[in-house]
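Here is the structure we will look at, set down as structure tokens.
The values are calculated or read from the model by the stated rules, or taken from the named source; none is laboratory data. For clarity, every value in this text was computed on a predicted model and none was experimentally measured. With ideal geometry, Cβ positions are generated from the backbone for all residues, glycine too; neighbour counts draw on all protein chains shown.
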Amino acid sequence: MAKMEVLLADAPGDFSAVMLDVQQVQIHADDTNDENGWQALPLLKAGQYNVLDFVNGRSALLASADFPPGRISQIRLVLGANNYLVTRDGTRYDLKTPSAQTSGLKLKIDADLTQDVTYTVLLDFDVAKSIVERGNGNKADKDRFLLKPVIRAITTAVAGGIKGSVTPTTAQPQVLAIRTSTVPNDTLSTFADASGGFLLRGVPAGTYRVEFFAPSPLKHVVRTGVTVTNTQITDLGSVDLK
């Protein structure tokens, strides 16, 4: 299988909070406008995200799913009705989304998914361009701002990995790799085989906490700060569970 991830990041604007109500992320296999061709990805968390939290390299993982190898042509972000911003003086304004609220915002990605490769789509939300002030900027106007999303889709095919071995070899623990550099954390898992070896394929670049869960009386072992880079396999060496 191939893997697709969709992340949300932000180019900052002059507000203290901008909350987006993310309800769906959908993909389409071809360039047509056939509504029956859209497929919803399972969201890690539907609801509000403060996009100002995701600057300086930080991002939010919206969706992650496995797919058969093949082509993905378009992606669509569907927002709900509960979008708002907070200005620097603490005033809250609801954001109306006339275009993206119903059918969603479509972006071309043209991704060819390959076996054992994770394909990452970063949705870079430009706050400064997406928030439009109406009229003369009257602070008492509850409809002072409109949301017209300007989003850039940045696509990367990644194929890092984590490998190693455990002792005793009979333990065959579950191995969890928890990506701590995204919010919420993404988790990948596998089991060590009868020889004690393990390998996690298609691991996106980032920083991970790797945990080993073995039957009692063996130890629960945690490795922190494990760095994975694109196209490289990170070797943890031998992990002693005794």
message: Looking at the structure I just gave you, is Gly37 without any contact (Cβ under 8 Å) to a residue 40 or more places away in the chain, touching a strand residue (DSSP E or B) at 6+ places or on another chain (Cβ under 7 Å) and surrounded by fewer than 16 Cβ atoms within 10 Å (Cβ to Cβ)?
response: yes
statement: Just one listed residue, out of Tyr93, Tyr49, is crowded, with 17+ Cβ neighbours inside 10 Å, among the aromatic types (Phe, Trp, Tyr) and over 19 Å from Ala153 (Cβ atoms), and it is Tyr93
Residue that is modelled with the lowest pLDDT, among those in the stretch 92-119 that are of a type in the set (Ser, Thr, Tyr) and in a loop (DSSP other than H, G, I, E, B): Ser99
field: Residue count for the stretch 224-242, restricted to those that are in a loop (DSSP other than H, G, I, E, B) and either among the small types (Gly, Ala, Ser) or under 12 Å from Gly206 (Cβ atoms) (or both)
entry: 2
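Residue by residue, here is whether (1) in contact (Cβ under 8 Å) with a residue 60 or more places away in the chain; (2) assigned to a strand (DSSP E or B) holds:
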residue	(1), (2)
Val121	yes, yes
Asp124	yes, yes
Ala128	yes, no
Leu146	no, yes
Pro149	yes, no
Gly161	yes, yes
Thr170	no, no
Ile178	no, yes
Thr187	no, yes
Ser189 vs. criteria farther than 30 Å from Met19 by Cα and either surrounded by fewer than 14 Cβ atoms within 10 Å (Cβ to Cβ) or in contact with a Pro (Cβ under 8 Å, 6 or more places away or on another chain) (or both): yes
message: Which of the numbered conditions does Gly237 fail, given that it passes all the others? Conditions: (1) of a type outside the set (A, V, I, L, M); (2) touching a Lys or Arg at 6+ places or on another chain (Cβ under 6 Å); (3) exposed (fewer than 12 other Cβ atoms within 10 Å of the Cβ).
response: (2)
query: Got a sec? Which of Asp14, Asp89, Asp30 is free of Cβ contacts under 8 Å to residues at least 24 places away in the same chain and outside any strand (DSSP E or B)?
result: Asp89
- prompt: Do you know which of the residues in the stretch 50-62 that are in contact with an Asp or Glu (Cβ under 7 Å, 6 or more places away or on another chain) and of a type outside the set (Val, Ile, Thr) is nearest to Arg179 (Cα to Cα)?
  reply: Leu61
query: Among the numbered criteria (1) under 22 Å from the mean Cα position of the chain (by Cα); (2) closer than 25 Å to Asn50 by Cβ; (3) modelled with pLDDT under 85, which single criterion is violated by Ala157?
result: (2)
Selection count where residues are assigned to a strand (DSSP E or B) and at pLDDT 90 or above, scope the stretch 189-199: 2
field: Top-ranked residue of the stretch 52-90 - restricted to ones that are more than 30 Å from Asp34 (Cβ to Cβ), over 19 Å from the mean Cα position of the chain (by Cα) and surrounded by fewer than 15 Cβ atoms within 10 Å (Cβ to Cβ), ranked as modelled with the highest pLDDT
entry: Gly90
